[in-house]
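Beneath this line is the structure, given in structure tokens, with notes to follow.
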Amino acid sequence: MDLIPSFQVDHTKIKPGIYESRLDTLGEEFATTFDIRMKKPNIEPAIHPNAMHSIEHIVATFLRNDDEWKERVIYWGPMGCLTGCYLILKGHPSPKDILPLMIRAFEYCSEYEGVVPGANPKNCGNYILHDLAMAKYESRLFVNILKDNPCFEYPESERIITEAGMVFYDS
């Protein structure tokens, strides 16, 4: 089997930031997948599953209620490696276009008080797997990166667009 495009990015060189991971065409429409990378893979400790689960719930709730972007949100969820999340949006905004949205979303998470949205047995498949304090801590760290020096381009990569309209990066 062919190695999928997201595994072809050199993870030893990725820094925290916002990357366009792929661009899919759906008829005449686009769906853009963003790599919202919160940690340096294989260098920094990954985000604890409990904290990532809380980040997933809080940021998903924020995004799906944001007046400007909610109609464009297709998906928000954690990466299996726990170093970041994927955001899929309708259209083809750039990483810099969504920077203000990500800052607002992670600021919201870093300041969140109360019960994590949907963290109960009726609404969540593993409602006890949450850690709001660590979610807030990790979100604050990421907000600082987003405000100070986020990366927007995969390192030493060349953008390749396939005939099917998919985008991936080859190092």
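Where a number appears in this text, it was derived from the coordinates with a stated rule and is not lab data. This one's a predicted model, so the numbers in the text were calculated from it and none came from an experiment. All Cβ positions, glycine included, derive from the backbone under ideal geometry; neighbour counts span all protein chains shown.
Please give the contour-minus-distance gain from Glu28 to Ala133: 0.36 nm per residue of separation, less the Cα-Cα distance, rounded to one decimal in nm. Could you put the intermediate results ahead of the total?
Numbers: separation 105, 0.36 × 105 = 37.80 nm, distance 4.29 nm.
Contour length minus Cα-Cα distance gives 33.5 nm.
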Shape category assigned to the range 1-97 from the gyration tensor of Cα positions, a/c cut at 1.5: oblate
Distance in nm between label sites at Arg140 and Glu111, each 7 Å beyond Cα in the beta-carbon direction? 1.3
Roughly how many nanometres apart are two label points built 7 Å out from the Cα toward the Cβ at Lys96 and Cys151? 1.8
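Would you mind ranking Asp67, Asp10, Asp35, Asp131 by Cβ crowding within 10 Å, fewest neighbours first?
Values: Asp67 6, Asp10 14, Asp35 22, Asp131 19.
Fewest-to-most ranking of Asp67, Asp10, Asp35, Asp131: Asp67, Asp10, Asp131, Asp35.
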Over the range 16-170, what per residue volume does the convex hull of the Cα atoms give, in whole Å³? 123
Would you work out if the range 18-70 is rounded, prolate or oblate? Take a ≥ b ≥ c from the square roots of the eigenvalues of the alpha-carbon gyration tensor; rounded if a/c is under 1.5, else prolate when a/b is larger than b/c, oblate otherwise. oblate
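Could you work out the relative contact order of the chain, using alpha carbon pairs under 8 angstrom and six or more residues apart, expressed as a whole percent?
Numbers: 299 pairs, mean separation 54.8, N = 171.
32 percent.
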What distance in nm separates the simple spin-label points at His48 and Asn65, each placed 7 Å from Cα in the Cβ direction? 2.5
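If you keep only loop residues by DSSP, which GluC sites (Glu not before Pro) in the range 53-145 have at most 15 other Cβ atoms within 10 Å of their Cβ? Intermediate values should be presented prior to the final figure.
On the way: sites: Glu56, Glu68, Glu71, Glu107, Glu111, Glu113, Glu138; in loops: Glu68, Glu111, Glu113.
The qualifying sites are Glu68, Glu111, Glu113.
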Longest span of the chain, sites excluded, free of trypsin sites (Lys or Arg not before Pro) in DSSP loop with at most 15 other C-beta atoms within 10 Å? 65-121
